[in-house]
Amino acid sequence: MEGPILHVERLTKNFGGLAALSQVTLEIQRGEVVGIIGPNGAGKTTLFNLISGFLRPDSGNIVFRGESIAHKKPQEIVARGIARTFQIPRPFHNLKVVENVAVPLIVTKRRKGSGVSKLEIAHALLERVGLGGKKFMKAGDLSEGDLKRLELAKALATEPELVLLDEPFSGLSSTEIEGLVPLIRELSEQGTTVLIVEHKLRELMKLVRRVVVLNFGQKIADGRPEEIAADKVVIEAYLGAGGAALVLS
Amino acid sequence: MRRVPKEVLAFVIICGVMAPVPLVVESHYVINLIILCNIYAVFLASWDLLTGYTGQISFGHALFIGGGAYTAGLLNFYLKFPPLVTIPSGALIAAILGLALGIPSLRLRGPYLALATFSASAIPSVLVSTLWKYTGGEDGLYGIAPISFNVVNRYYLSLALMGVCCGIMSALARSSYGLVLQAIREDETAAMASGVDTRAYKLKTFVLSGFFAGLAGAFYCHNQMHVGTEELSLSLSILVVLMSVVGGIGTIIGPMFGGYLLILLNEGLRFIEDFRLVIYSGAVVIILLFLPRGLLPSVLELMRRTRGLVIKSPSPKVEAVRDSASGVDEPEAQRGLSCEPK
Amino acid sequence: MNVALEILVYGAVQSGVYAMLALGFSLIFGVAGVVNLAHTAFYMAGAYLIYTCVSLLGMGLPAALVCSVIVVGLCGLAVQRFAIRPLIESEYSVMMITVAIAFLVQEAVTVIFGPADRNVKGFIDQKLEVFGVVDIDSQRMLTLGVATVLIVALWFFINKTKQGKAVLAVAQDREGALFVGIDPWKIYLRVMFISAVLAGIAGAFIAPTLGARPHMWEHPLVKCFAIVILGGLGSIEGTILAAIILGFCEVVVSFLISSYLGELVALIMILGVLMVKPAGLMGRGAVR
């Protein structure tokens, strides 16, 4: 397929008087793994909410695989091949782990005629994310790290072409993060496009070859991790002008 | 579905067990009581589908029950349509009412939804009062045609009503459709993120819930040969809620059980006469405080625990799985996946 | 002209009662997040208590009022402490248990007093002429007077006293209030007491006009709902304003069209607001 898989064009979203996202333009190529970073309140989650259909933009466009999805509902966007996780996991607490994964499997039309029963797919997905032994636990009883894995499994259930991971490492210990990294890497190796919002920059850099920086709702940088790390504007965004001067001297 | 679901089997068995009752019990009074239980079972099951499974808290179920009852009653009283026509008509009108209630409810949550449903059954109530010349006002309409003059026939008809309606609802609840409903109840946003068209599912459930409640309501009207404002009353809505809570919400069978228990207990306590409902609501308060999951799940849990003590565990690994599971066997978890989505 | 004045006076009375009733309901939600479906059961209790004290026990009015208020207040405290507090984590459980309590009160009252209407003797048996033209009984005017006094008193309490400000604090930020040493549970009890008392007084004063019936708690709950979604759960000014709007609209429709349709006003209001703005006109906010 030619052209970028995702094209965000001059996307703008205001809340009251506050510009959460302002004229953000972005092109993501198929198969890329891109990190989205920026200080708190920069608009990263807003970007994800807009792409996944939970918010409507005030102006601008979002084009996925050549189709404008800016005003579509979340379930329509999922049906077209975009999946997302939530910063704070949102499991179906009183349902079992395997039932949690079953729900997106039941409603999706993207896995037709594979000959494999949905039950088997659910089991396979859970094995893949490392929850094989906990399939029949109540989702609400899982640990933080396992909840993140479940989020991932649910997102993968619809066989998405683009996955939006919202702070997949937050609240996890370094061991837990180490467990999650290979899973994400595997995703990109299979050709899935991945966008990751993260604050844990060290871990993020292990996964991405491109970083987009947002601040106050605007895109202030877009390039390779090494370039970004040395970019004056980016450092200023995080440390302020004084801090930046200190670091760069 | 290739194999017959457990639920259909269960209901066939239950109906089979209840079938010989008129042969054994002589008292028409008792048989009439069980007929009432059967009808209420459908009210309760339809409520649980909407509230217990989908999380749409409804304090206005009387809207559907009364809607079905009045449709049947008016059609029969003025146009002399037979029950065979009026009862499905009642169900259809109630289904439409389900849609009418469902659409504005889509955007409401928690207290707003509860209060809106609370108010919902008030509208037809006021209309019935205003148009008392036609509806009989508070007293209602008498002389509605019975389904059958023979109490035994009515018993079997009510059994069929309960078996078929509750069987269908139970099968639905346990299928993949029911699983999606539960997901909506647990976290609607997450359900949307999983690709669920939550609006469509909620509306479908409102319509289904209304349909069955209206069907039973119409049946009730012909059974009593009377329709009145009690069928639209808030008290009825609340009674449905209380019975379901006692039995155990979110299980279909739980609320049904609550209904049978409370109606029969009600009569059993006849000697206390008027205090019954006081004791009964007091019992509900106590259950809510100490047995929040309701009677049926708590009883089943108790049975499971004592069974675990008596039977030796096969191996540590299996024990671990059972411990971490919320007490339900593995095959049950597969139910949601073995059927094709609706 | 006469009709307009009639509407003015009767509308004011209606609004006063509704305001008294809805304020408690709105407050307990704004402050504690509790949807107390037993709220109008307190209103009903007030009516039956005053009936018991005055007509059955032959107490004098002041004593009867004090008695009723204390009993209703205590009931409110009991409900808050023993029924609501254990379940406060789940909004839905609180609704379930308060509805069960309301039902319990309804049935208890049916057992004790029977299902028929009970007539309560008026406090003052006099017809008044307001503005020289409007015929109205003094019971209604007394109700209006009491309502006005209580609402103003409540406003002062919330905004001007230390305890009242503590209530505001808890409504706005529970953790913050804890931080400065305010115990939210005490505040909830306090608000529930006020809430129940207001409802009970409304019931006591309306009883001579409407009588006491076991189902008298049902429609007023719908009215309370209409008022709070119009005025915003938790907003004092909003609730008062909405109560005035509902009270006057009902009286206008009742006088000019039909009293049956007067009942529909609240329902249409609910439908209307929910269609347009499900969060209510003023939204859910802290107590303001």
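The values are calculated or read from the model by the stated rules, or taken from the named source; none is laboratory data. Small disclaimer: the values here were computed from a predicted structure and weren't measured. Ideal geometry is used to build each Cβ from the backbone, glycine not excepted, and the neighbour counts take in all protein chains shown.
Residues that are in a helix (DSSP H, G or I) and within 14 Å of the chain's Cα centre (by Cα) within the stretch C:221-240 comprise C:L221, C:V222, C:K223, C:C224, C:F225, C:A226, C:I227, C:V228, C:I236, C:T239, C:I240, listed in sequence order. When B:L289, B:L302, B:L309, B:L264 are checked against the criterion of being away from every other protein chain (no Cβ under 14 Å) and modelled with pLDDT of 85 or more, B:L264 stands alone in meeting it. For the stretch B:94-110, the set of residues classified as farther than 18 Å from B:D197 by Cα and surrounded by fewer than 23 Cβ atoms within 10 Å (Cβ to Cβ) consists of B:I96, B:A100, B:G110, listed by residue number. Whether a residue is at pLDDT 90 or above, buried (at least 17 other Cβ atoms within 10 Å of the Cβ) and within 20 Å of A:L172 (Cα to Cα) was assessed, and A:L156 does not pass this test. Regarding the stretch A:96-113, can at least one residue be identified that is touching a strand residue (DSSP E or B) at 6+ places or on another chain (Cβ under 9 Å), charged (D, E, K, R) and away from every other protein chain (no Cβ under 14 Å)? No; the residues of the stretch A:96-113 include none that is touching a strand residue (DSSP E or B) at 6+ places or on another chain (Cβ under 9 Å), charged (D, E, K, R) and away from every other protein chain (no Cβ under 14 Å).
Can you find a residue that is within 16 Å of B:Q56 (Cα to Cα) and either touching a Pro at 6+ places or on another chain (Cβ under 7 Å) or of a type outside the set (D, E) (or both) anywhere in the stretch B:222-239? Give the derivation first.
Taking the stretch B:222-239 first, the residues within 16 Å of B:Q56 (Cα to Cα) are B:237-238.
Adding the requirement that they be either touching a Pro at 6+ places or on another chain (Cβ under 7 Å) or of a type outside the set (D, E) (or both) leaves B:237-238.
Yes, the conditions are met somewhere in the stretch B:222-239.
Exactly one residue out of B:Y201, B:Y177 is at pLDDT 90 or above, under 30 Å from B:V17 (Cα atoms) and of a type outside the set (A, V, I, L, M, F, W, C): that is B:Y177. Among the residues of the stretch C:92-106, those that are farther than 14 Å from C:P214 by Cα, within 7 Å of another protein chain (Cβ to nearest Cβ) and in contact (Cβ under 8 Å) with a residue 12 or more places away in the chain comprise C:M95, C:I97, C:V99.
So, restricting to helices (runs of 4 or more DSSP H) that lie completely within the stretch A:94-184, which ones have at least 3 residues that are touching a residue at least 40 places away in the same chain (Cβ under 8 Å)?
Where helices (runs of 4 or more DSSP H) fall fully within the stretch A:94-184 and carry at least 3 residues being touching a residue at least 40 places away in the same chain (Cβ under 8 Å), they are A:97-107, A:144-156.
Of everything in the stretch C:221-236 that is of a type in the set (A, V, I, L, M) and under 16 Å from C:G262 (Cα atoms), the residue that is nearest to the other protein chains (Cβ to nearest Cβ) is C:V222.
A search for C-beta distances below 6 Å between a residue of the stretch B:283-302 that is free of Cβ contacts under 8 Å to residues at least 40 places away in the same chain and any residue that is among the hydroxyl-bearing types (S, T, Y), counting only pairs 6+ apart in sequence or on different chains, returns B:L291/B:S298. For B:G210, the conditions (1) more than 9 Å from chain A (Cβ to nearest Cβ); (2) out of contact with any Phe, Trp or Tyr (no Cβ under 6 Å at 6 or more places or on another chain) are fulfilled apart from (2). Summed over the stretch C:72-91, the residues that are crowded, with 18+ Cβ neighbours inside 10 Å and either outside any helix (DSSP H, G or I) or more than 11 Å from chain B (Cβ to nearest Cβ) (or both) give a count of 5. For the stretch B:3-33, filtering for residues that are more than 16 Å from B:C165 (Cβ to Cβ) and assigned to a helix (DSSP H, G or I) leaves 15.
In the stretch A:114-133, of all residues being crowded, with 21+ Cβ neighbours inside 10 Å and either within 7 Å of chain B (Cβ to nearest Cβ) or modelled with pLDDT of 95 or more (or both), the one that is farthest from A:E167 (Cα to Cα) corresponds to A:K118.
Within the stretch C:32-52, the set of residues being modelled with pLDDT under 90 and either more than 20 Å from C:R81 (Cβ to Cβ) or more than 14 Å from chain B (Cβ to nearest Cβ) (or both) comprises C:I50, C:Y51, C:T52.
Against the test of being under 30 Å from C:V228 (Cβ atoms), out of contact with any strand residue (DSSP E or B) (no Cβ under 8 Å at 6 or more places or on another chain) and at the interface with chain C (Cβ under 10 Å from one of its Cβ atoms), the options B:A62, B:A116, B:A100, B:A94 yield a single qualifying residue, B:A116. Which count do you get for residues in the stretch C:195-212 that are part of a helix (DSSP H, G or I) and either aromatic (F, W, Y) or surrounded by fewer than 24 Cβ atoms within 10 Å (Cβ to Cβ) (or both)? So the count comes out to 4. Comparison of B:A145, B:A160 shows that the only residue that is closer than 13 Å to B:H222 by Cβ and more than 14 Å from every other protein chain (Cβ to nearest Cβ) is B:A145.
Just to verify a result, which residue in the stretch C:211-220, among those that are within 19 Å of B:T229 (Cβ to Cβ) and either of a type outside the set (D, E, K, R) or under 11 Å from the mean Cα position of the chain (by Cα) (or both), is farthest from the other protein chains (Cβ to nearest Cβ)? Residue satisfying both the conditions and the ranking: C:G211.
Which helices (runs of 4 or more DSSP H) does the stretch B:129-239 wholly contain that include 1 or more residues that are within 17 Å of the chain's Cα centre (by Cα) and of a type in the set (F, W, Y)? Once the helices (runs of 4 or more DSSP H) in the stretch B:129-239 are filtered for at least 1 residues that are within 17 Å of the chain's Cα centre (by Cα) and of a type in the set (F, W, Y), what remains is B:198-224.
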